[in-house]
1. A31 versus (1) exposed (fewer than 14 other Cβ atoms within 10 Å of the Cβ); (2) over 22 Å from the mean Cα position of the chain (by Cα); (3) assigned to a loop (DSSP other than H, G, I, E, B): which is the lone unmet condition?
2. For segment 175-189, does any single residue satisfy the condition of being of a type in the set (G, A, S) and in a helix (DSSP H, G or I)?
3. Filter segment 211-229 down to the residues that are part of a loop (DSSP other than H, G, I, E, B), under 30 Å from A15 (Cα atoms) and either under 26 Å from the mean Cα position of the chain (by Cα) or not charged (D, E, K, R) (or both) and list them by number.
4. Mind counting the residues in segment 100-110 that are farther than 19 Å from I143 by Cβ and at pLDDT 95 or above?
5. Among the candidates G232, G208, single out the residue that is assigned to a loop (DSSP other than H, G, I, E, B), closer than 21 Å to T50 by Cα and either of a type outside the set (S, T, Y) or within 23 Å of the chain's Cα centre (by Cα) (or both).
6. Test H13 against the criterion of being loosely packed, with under 13 Cβ neighbours inside 10 Å and either small (G, A, S) or not in a strand (DSSP E or B) (or both), and give yes or no.
7. Check N186 against each of (1) surrounded by 12 or more Cβ atoms within 10 Å (Cβ to Cβ); (2) under 30 Å from L129 (Cβ atoms); (3) within 23 Å of the chain's Cα centre (by Cα) and name the one condition it does not meet.
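The values are calculated or read from the model by the stated rules, or taken from the named source; none is laboratory data. This one's a predicted model, so the numbers in the text were calculated from it and none came from an experiment. We place every Cβ from the backbone using ideal geometry, glycine too, and count neighbours over all the protein chains shown.
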Amino acid sequence: MKKFKPTTPSNRHTAIVTYRGVLTASEPLKALTTGFRRGSGRNAFGRITTRHKGGGHKRSFRQIDFRLDKVGIPAKIETIEYDPNRSGFIGVVCYADGERRYNLLPQTVKVGDTILIAEDAPLKPGNRLVLRKVPVGTFVYNIELQPNGGARIARSAGNYAEVVANNAGQTHLKMPSGEIRKVSENAWASVGAVSNEEYKHRNIGKAGRSRWLGIRPTVRGTAMNPVDHPYGGGEGRQGRGTKRPKTYYGKVTGGRKTRSPKKYSNTLIVARRKNKRAK
């Protein structure tokens, strides 16, 4: 991490991840890069479904391999790169058959290291195995929910899940949230934790940097007019005026469970995550 001296108001609290000495390439591999238009929080009808998104610097999309289906073919890491579309580092890996793909990289790997996708692969960072072959206590990332369904869990910077048990064809995983969940023992996972673990300690420092990232300002509901928000209006500084908290769209929120009691994965959850506020 790099922290700045308070030479300007915007530098006073800014903290960024230092990439010098870590990244080995300044430009992405063109063959694995495409242009794309961001939806700015809008759905297929053009309606805003996620507020406070829009603008930001132009980006290229890197085609990351999350299926990881090159079983039994060793690959060599050629680069370690920054990806503006995700928090972890990515890298070009070259397989023994000559094909190159972008992979999400774990911590501690470096250029020249070899990774392998196989059921009997050695237990080292970057290698990918089926969960039944992974010992209890191992950290894993890029985890599948269904066998051969592609990586779905633990993909952001510094994240990992811990294997806590193997029982009756199911592997019990402790998720980054603290939830313990059952996943098929035939699902694949990569050994290690996602790179760029210092990402969570960064401090954006100023409003302009948020705009570069495509994050728009968040206005308080009480500062709006009645036509714009359920909390809006009133003479001077007023309370929200409603007994229960509501969203921007008038939906009652706060303290009410939103998870469906009939959700398919309810039977797969061994222990729910602990509420961090309840202390």
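1. It is condition (3) that A31 fails.
2. First pass over segment 175-189, keeping only residues of a type in the set (G, A, S): 177-178, 184, 187, 189.
Checking which are in a helix (DSSP H, G or I) leaves us with none.
Checking segment 175-189: not a single residue is of a type in the set (G, A, S) and in a helix (DSSP H, G or I).
3. Going residue by residue through segment 211-229, those that are part of a loop (DSSP other than H, G, I, E, B) are 213-214, 216-220, 224-229.
Subsequent filtering for residues that are under 30 Å from A15 (Cα atoms) retains 213-214, 216-220.
Result: L213, G214, R216, P217, T218, V219.
4. Of the residues in that region, 1 qualify.
5. G232
6. Values: loosely packed, with under 13 Cβ neighbours inside 10 Å: no; either small (G, A, S) or not in a strand (DSSP E or B) (or both): yes.
So H13 does not fit the description; no.
7. (3)
One line per residue, one yes/no per condition, for (1) on the phi > 0 side of the Ramachandran plot; (2) of a type in the set (G, A, S):
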| position | (1), (2) |
| --- | --- |
| V183 | no, no |
| S190 | no, yes |
| E197 | no, no |
| R202 | no, no |
| G214 | yes, yes |
| P226 | no, no |
